[in-house]
1. Could you tell me whether any residue of the range 108-130 is more than 17 Å from residue 53 (Cα to Cα), in contact with a strand residue (DSSP E or B) (Cβ under 8 Å, 6 or more places away or on another chain) and at pLDDT below 85?
2. Can you run down the residue pairs with Cβ atoms below 6 Å, 6 or more apart or on separate chains, where the first is in the range 29-44 and modelled with pLDDT under 90 and the partner is in a strand (DSSP E or B) and open to solvent by 30 Å² or more (accessible area, probe 1.4 Å)?
3. So, restricting to strands (runs of 3 or more DSSP E) that lie completely within the range 33-99, which ones have at least 1 residues that are among the aliphatic types (A, V, I, L, M)?
4. For the range 104-116: of the residues being among the hydrophobic types (A, V, I, L, M, F, W, C) and open to solvent by less than 60 Å² (accessible area, probe 1.4 Å), which is nearest to residue 36 (Cα to Cα)?
Amino acid sequence: MKTLLLASAAVAVGAIAPSASAGTLNFTFDGFCDGVSLVKSGVTYGGERTGCVTDPAGGVAMKVKGNPTKYIDYATSDSGSGVFTFFLDVPALQWFVYDTSGGVFTLINSGTMTAGAPQAKGNLKSSTSSKATHPLSGPF
């Protein structure tokens, strides 16, 4: 797993009031029971995880140094069981999730996503409850 030492990070978690020009994004993480619904307000996003996990989520539009892709970066608590940061590459329909407990980013899962809200799908786990079984490479 890749790790990245985080010098400092502060991402507000919670709903952000949408403006008149705001857009809503809804995604399902393919092969998992969860997804996200985010409302854009300027460069910030607020909303919640959806499906089998419902937690507040808040973040920003951003770029990773040395990587030309624009990401949506949002943080969530996974019902208080940890601190997770998601990076969404919307044009490529890809997502990456990092455990960010203790100020260190550890890539724990990634995959593709589909537009729309998650549907009930049997015994699928959430994107943060199961560690990846495939080789991972993230935006860092």
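The values are calculated or read from the model by the stated rules, or taken from the named source; none is laboratory data. Model, not experiment: these values are computed from the prediction. Neighbour counts run over all protein chains shown; Cβ positions are idealised from the backbone, glycine included. For the accessible areas, the whole protein counts, side chains as well, though only heavy atoms, and no ligand, DNA or RNA atoms are used. Shrake-Rupley method; radii C 1.70, N 1.55, O 1.52, S 1.80 Å.
1. Checked the range 108-130: no residue is more than 17 Å from residue 53 (Cα to Cα), in contact with a strand residue (DSSP E or B) (Cβ under 8 Å, 6 or more places away or on another chain) and at pLDDT below 85.
2. 43/60; 43/61
3. 34-41, 56-63, 70-76, 84-89, 94-99
4. Restricting to residues being among the hydrophobic types (A, V, I, L, M, F, W, C) and open to solvent by less than 60 Å² (accessible area, probe 1.4 Å), the top hit is 113.
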